[in-house]
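Working notes, beginning with the structure itself.
Read the figures in this text as sums done on the coordinates, not as results from a lab. Model, not experiment: these values are computed from the prediction. Because the Cβ atoms are built from the backbone with ideal geometry, glycine has one as well, and the counts that use them run over all protein chains shown.
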Amino acid sequence: MGTRDAFLVAAGSAADLLDHPAVAGAWTKPSALTGFTVGGLAEHLGSQVLFVSQALQQPAPAGEPVSLLGHYSRVTWIGADLDAEVNVAIRKGGEDAAGEGPGPLVARTRAAVRELRDRLPKEPADRTVAPPSGPWGLRLDDFLVTRMMEIAVHSDDLAVSAGITTPPLPDAVLDPVFELLTRLSVRRHGATALLRALSRAERAPGNVSAF
């Protein structure tokens, strides 16, 4: 399964999770993430699908695209405090959108998935897009990996928040997500720290988070 097909699987899974009755039932309650209600977190998850649709509606950005890791060297939210401007803006965007309620979010997300099922296979291999986090270009397939990571992580956040089981995702989705998170963890903490975390519990560091 290629990256584009894998993204569509992840996007469909996200839409199904957003449509779960437990999410609607907990909509206004606090989520597992500080500063987010369940509804605000749901909106943030849905936006990971909607961002792709929106990016493809814009012309390709000028200049050479940055690499996948280069993208994460430029974003400002990595390592930022919870109350940093960028994180406050992310939460505010989700909370403001949550006023629409779960029904409209599910409808918009499912519509985007249907559109992308038709559109993604037609996009050229060298298609570039501008990510929402900055004025630079990314290869479409690299951008889809960033969205799969967001979907995988926030699907778990949302499921925990709603008191339901985290939806399973296939290896075609999780393999590139784990590769990305591993490379970011190594860059942040060093190879030895991650090696110990994965193989030597007695020497494992307390934190090897990619972010």
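Assuming charge only on the beta carbon of Lys and Arg (+1) and of Asp and Glu (-1), the dipole of the chain about its Cα centre is about 320 debye to the nearest 20. Near the amide H of Thr37, within less than 5 Å, lie the amide hydrogens of Ser31, all on another chain or at least 5 residues away, with H placed in the peptide plane. Ranked by the mean number of other Cβ atoms within 10 Å of their residues, highest first, the peptides 139-149, 2-12 fall in the order 139-149, 2-12.
In percent, what relative contact order does the chain have, based on Cα pairs under 8 Å that are 6 or more apart in sequence?
30 percent
Residues of region 62-88 falling in the label zone of Thr34, defined by backbone nitrogen less than 17 Å from a point 7 Å along Cα to beta-carbon, are 77-88.
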